[in-house]
Amino acid sequence: MHYDCRIEGDALLCTLTPDRALTGGVFCCSGMAPLTVVSGETELRSLGSYLEFELPDLAAGTTHAFTIKYAGGFTPANRAWMPLGPAVRLEDELIALTPTRAGRDKPVPTAAAQISGLPLLPQPSVWRPSGAHVSVDGFAGDHPAMTAAQALAARQGMAFSGSQPVVFETADMALDAYRLRIAQDQITIWSASYGGAFYACMTLMTLLRNGPLPCGEIEDAPRFSWRGQHLDTARHYYAPESIMALLDLMALLKLNRFHWHFADDETFRIPIDTLPELTEKLTTRGEGQFLPGLFTAAPMQGGLYSHETVRDILAHAAALNIEILPEIEAPAHALGLAALYPDTRDPDDSGEEVSVQGYRGNVLNPAMPKTWEVLEKLVDGITALFPFGHLHLGCDELPEDTWMGSPRAKALMAEHGLQTTQDLQGWTIAKLAAYTAAKGVRPAAWEEAAQGSNGGIGHDAILFSWTGQGPGLEAARAGYDVVMTPAQHVYLDMAHTDDTDDWGASWAAFVDLPDTIAWDPVPDPALADRIIGVQGSFWSEFTTRDEQLWPMLMPRMLGVAMMAWQTERPEFATLQALSHAYDIDDGGRLV
């Protein structure tokens, strides 16, 4: 069966030519956002980005053309916006169609430019060269950081273990800071923490890749304590090996926080013993599953991260000086939860609110006792598994006028003197944060958690500013600690360019390598103590295979790392020159 699709203005023009007579066929697909068919066919089912519609009876070899558009004003920007997982369902089978060529094409490499200073990324704070060089076959030292670095080098296929002695000394320094002296006969590392010693080893590893070591002394310390990278494993299930490869790459770039987004509208990927239905119903989606094929290019998509797998990933991260921030989603982005536990919704709710993803009823109702039973079990289960002592509670993209049609929610609002949707969201997330904090765990949330007449989430929460820097600056002025993750600069799922043959989202901006460093994380110096970090994000609505991740992340993740570590704003010429040393293969390893 031949299928083809192309972008034509604001529409997707598709053709289907069956190789046999087709009777009673149904076209099924998903997309980047809610879809609708506009060429006369009858829609049978629509759920967010998922769409089904009737096909006419077709003789073998007859070509049928149809037109699909994105709802909500979205215009397809590139190949990633083509129908995802196109298939034809017949009475007794599902025929998967050949999808649009997926993934970003790697650009043709250009000649590497020369840089002044050390070939290091991020660049160190201070470098005092002696003018000499020393050739070494690798390093030998008695320290856990050296052991972890040797293991990382082996996974990357790098030379690192050798005979050059490395001596580790303790010094009074900031967390993750280090001093590194390279001499002909010995290398000395001073640090006050495991992280500092480990990052000194990462510096040695990078320098060794570039030939003889330059002799001299490096003094280095990060600008921010939170240097993060986020990954959405809810919309696409990444193999544990891919997650560990991302952690390795983060370590080489001196990033120290992995924001693990394993739960969303469509999925919950870590078992909660007290909520076994999550594993039974929300691990996979697709044909014949609890939820249809949202963001999937196969008849069925999914996977589960068992507790044993989670512990393996945690141990891998710990050796790399990386803490893992788990995220649950409340009160919105809960389509699957609300469908699985209908008592989390007011049965008398007459509201018609729709999320930006096109979902109706994807918000838990705080007036329903079942909502708190489910949320508390989620907090209990996840905090028991993750040792970081932080839990991200979500709290983004609440649909407009949510709960305004719910008699129970309106009664709750009257009881507490609340007037608006944002007021009730602030009350809800503050209550959940209080439960989390009582367990000795620091809550975190997206920027919207600062909203509401009660001042928002409170409870010493960390807020992540994603729509831009403005909400983060406002939250910092209100006394919150803030991590800056503005979509216009560090959302690495955005397409690089406006070329229709490119790949990625485009709602925030087109984000190319220069854009990752064309901003100031602390534009108001008075807020320096409140802006604690920089974090890149990657959302996976259009990702169908793990290897599609790497050419999207790299080299743009280098800009994130430089902004997170360096005090001085990076120069693009330096970033561009250094990026040539960080080409990676389809498994996320340096080549």
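All of the numbers you see were taken from the coordinates with simple rules; none came from a lab. If you're wondering where the values come from, they're calculated on a predicted model, not measured in any experiment. Backbone-built Cβ (ideal geometry, glycine too); neighbour counts: all protein chains shown.
Some points to look at:
- Whole-Hz ³J(HN,Hα) from phi, Karplus 6.51 cos²θ - 1.76 cosθ + 1.60, for segment 63-68, glycine and proline x: 8, 10, 10, 8, 10, 10
- As a calculated quantity, the FRET efficiency between Ala65 and Arg45 at R0 = 22 Å, using C-beta atoms, amounts to about 0.55.
- Measuring against 32 Å, Cα to Cα, the residue pairs Lys69/Lys370; Lys254/Lys439; Lys106/Lys377; Lys69/Lys410; Lys377/Lys410; Lys254/Lys431 contain Lys69/Lys370; Lys106/Lys377; Lys69/Lys410; Lys254/Lys431 as the ones spanning a longer distance.
- Mean Cα-pair separation over length for segment 119-211, i.e. relative contact order, pairs under 8 Å, 6 or more apart, %: 29
- Of all DSSP beta bridges in segment 226-582, antiparallel share, percent nearest 5: 15
- Debye log10 I(q)/I(0) for segment 2-96, one point scatterer per Cα, at q = 0.17 Å⁻¹: -0.68
- Along each principal axis, Cα extent of segment 226-582, largest first, Å: 60, 50, 41
- Separation of alpha-carbon centers, segment 466-482 and segment 81-100, rounded to whole Å: 43
- FRET efficiency for Ser306 and Gln184, using Cβ-Cβ distance with R0 set to 51 Å, rounded to 0.05: 0.55
- Relative contact order of the chain, defined on C-alpha pairs under 8 angstrom at six or more residues apart (%): 14
- Taking 15 Å as the cut-off, the amide N atoms of segment 470-489 that come nearer than this to a point 7 Å along the Cα-to-beta-carbon line of Asp520 belong to 470, 473.
- Each of Gly72, Val310, Phe160 was placed along the dipole of the chain (beta-carbon charges, centred on the mean Cα), and the one lying farthest toward the positive end is Phe160.
- You can think of it this way: the chain between Ala509 and Thr75 has 154.9 nm of extra reach, that is 0.36 nm per residue less the Cα-Cα gap.
- Protection proxy ranking, highest mean first, for peptides 307-315, 462-470, 184-192, 252-260: 252-260, 462-470, 184-192, 307-315, where packing is the per-residue count of other beta-carbon atoms within 10 Å, averaged.
- Estimated from the Cβ-Cβ distance and a Förster radius of 35 angstrom, the FRET efficiency linking Ala384 and Glu241 is about 0.90.
- Placing +1 on the Cβ of every Lys and Arg and -1 on the Cβ of every Asp and Glu, with no other charges, gives the chain a dipole of roughly 1180 debye about its Cα centre.
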